Every structure is written in structure tokens, then in C-alpha cells.
Amino acid sequence: MESVDILSVLFLVALLAGFIDAIAGGGGLLSIPALLWAGLSPVETLATNKAQAVFGSGTAAANFIHKGQVDLRAAAFAAACTFFGSAAGALLVQRLDSALLGQLIPLLLIGFALYFLFSPRVSELDSRQRLATPLFALTVGFWVGFYDGFFGPGAGTFFAMGYVALLGYNLRRATAHSKLLNFASNLAALLIFLPAGQIRWPVAAVMAAGQLLGAWLGSHLVLRHGAALVRPVLVASSLLISAELLFDRWG
């Protein structure tokens, strides 16, 4: 299955997924179906997807940190909680049916999309914090991380939404911090999947190159355009993730 033609398609898919993920999340909607199309088993798909996604989220996070958009001291505990949450989810998904979460996630994403579409608070300006930062780490950080390790699609979108709605971050800062949490989540799940030997490394390597380029481009656009770019992409990403999950369940 690892022909030049297929690997070329997967590279382009990873580039676009990394680009979208760096802006608003939801790149897994592209990479996971592409890996299944390429002939990987479901477990290989999940493991290989984490192996390539960690490069995209890591690139975006590093760029945002370099540009001073991430408060590492404030985000460290959330990243740690996300890491352990994702590890727990990745361990559990090997024992349970991950489709169980599919019942609730689309409705939540649609609700968040409507919130971002109509709320006047979603802008370049920080707003009022509604939740203490340590509590945010223990709830949103851990449980979205758990969801990402267990199921996956839209985790970056959930992180960004949480930063805006609960910590009062503007969209640029929320996106930057969500990439750090995304990286922690991807890394934890990858470390859990490694011993099982389910990662297709030639595929992961090609897609990692695409992720690096896409994430670099996407993160630079976020820094340049802020909410004017992130807001519509975030709404579209939420609705597309919802549609995909609903179609998988009822289609």
C-alpha cells in the first residue's frame, strides 16, 4: 500500500490537516479517513495518526511560543493534566468501543459553533475569566485530553473553545495555548501506542513532513490575522466535525 502515489496523497492530506489544526483544530477529519483509505486497520490508523499529528501540533506550539503568544508558566499544569488524560484515554480505547462518545460530541460542537458565531465576546480582546486556571487544567485539560486519546476529532477545537469561554482568552491566545495542549495530548497517546507496534512508520514519516509544513503556515496566518481568520475557520471546523460524526453514526 505504500506506493509513491498513495504516499503523495497522504503528504498533501497531512499538509492540509496540519494547516487546519494550527488554525482551529479538526485536521483529524482529513487524516483519519485518508489513512483508512490507504489500507491501514483502525488501530494502525489511530496510532499512525498520532505519530504524524505530534509533529504538526509541536511545530505550531513552538512557533506560538517563539512569538510570545503562550504563557508557559500558566499553561504548564494544563499541559501536564492533558498529557495524563490523553494517556488514560489511549489506554482505555484499546479495551472499549470509542463510538460511545459519538452520541454527545456532535451536539456539543454544534452548540459551541453557534456560540462562536453569535457571541460578541469572541474577538481580539481578552474578556472576563470564569474559571480558576488550576480548575481549568483539571477539568478541560484532563478530560479533553482523555477524549483526544480515546476518540479524537475536534480536541483542538474544544481546547480553544475552553480557553475563550472559561479563561477569557482572545482567539489568538486561545489558539496558541490550545496547540501546546494538543501537542501534550498527541505525545502522550503516541507513547501509549508505541509498545503495541501498530504505527506504520513510512506513512507516519511522510505525513509528518506534510504536518510540519502545514502547521508552520497555519500558525503564521493565525499570528498575522487573529480572530478575523480563526473565528470563521473555528465555526466551520466545529460544524464539519459534527456533520462527520453524525454521518458516521446515522449514515
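The values are calculated or read from the model by the stated rules, or taken from the named source; none is laboratory data. This structure is a prediction, so every number in the text was calculated from the model and none was measured. Cβ sites come from the backbone with ideal geometry, for glycine too, and all protein chains shown count toward neighbours.
Things worth noting here:
- Qualifying residue in segment 73-89 (condition: in contact with a Phe, Trp or Tyr (Cβ under 8 Å, 6 or more places away or on another chain) and charged (D, E, K, R)): no
- Qualifying residue in segment 41-63 (condition: buried (at least 21 other Cβ atoms within 10 Å of the Cβ) and in a loop (DSSP other than H, G, I, E, B)): no
- Taken over segment 64-95, the criterion of being of a type in the set (S, T, N, Q) and either part of a helix (DSSP H, G or I) or buried (at least 23 other Cβ atoms within 10 Å of the Cβ) (or both) is satisfied by Thr82, Ser86.
- Count - residues of segment 138-161 that are of a type outside the set (A, V, I, L, M) and either at pLDDT 90 or above or within 13 Å of Ala60 (Cβ to Cβ) (or both): 8
- Looking at Leu187, Leu181, Leu245, just one residue is within 16 Å of the chain's Cα centre (by Cα), at pLDDT below 90, crowded, with 17+ Cβ neighbours inside 10 Å and not β-branched (Val, Ile, Thr), and that residue is Leu245.
- Leu15 fulfils the conditions (1) more than 14 Å from Val203 (Cβ to Cβ); (2) modelled with pLDDT under 85; (3) in a helix (DSSP H, G or I) except for a single criterion, (2).
- Segment 166-183 residues that are under 15 Å from Arg130 (Cβ atoms) and free of Cβ contacts under 8 Å to residues at least 60 places away in the same chain, paired with ones that are aliphatic (A, V, I, L, M) and surrounded by fewer than 21 Cβ atoms within 10 Å (Cβ to Cβ) (beta carbon under 7 Å, 6 or more apart): Leu166/Leu131; Leu167/Leu131; Asn170/Leu125; Asn170/Ala227
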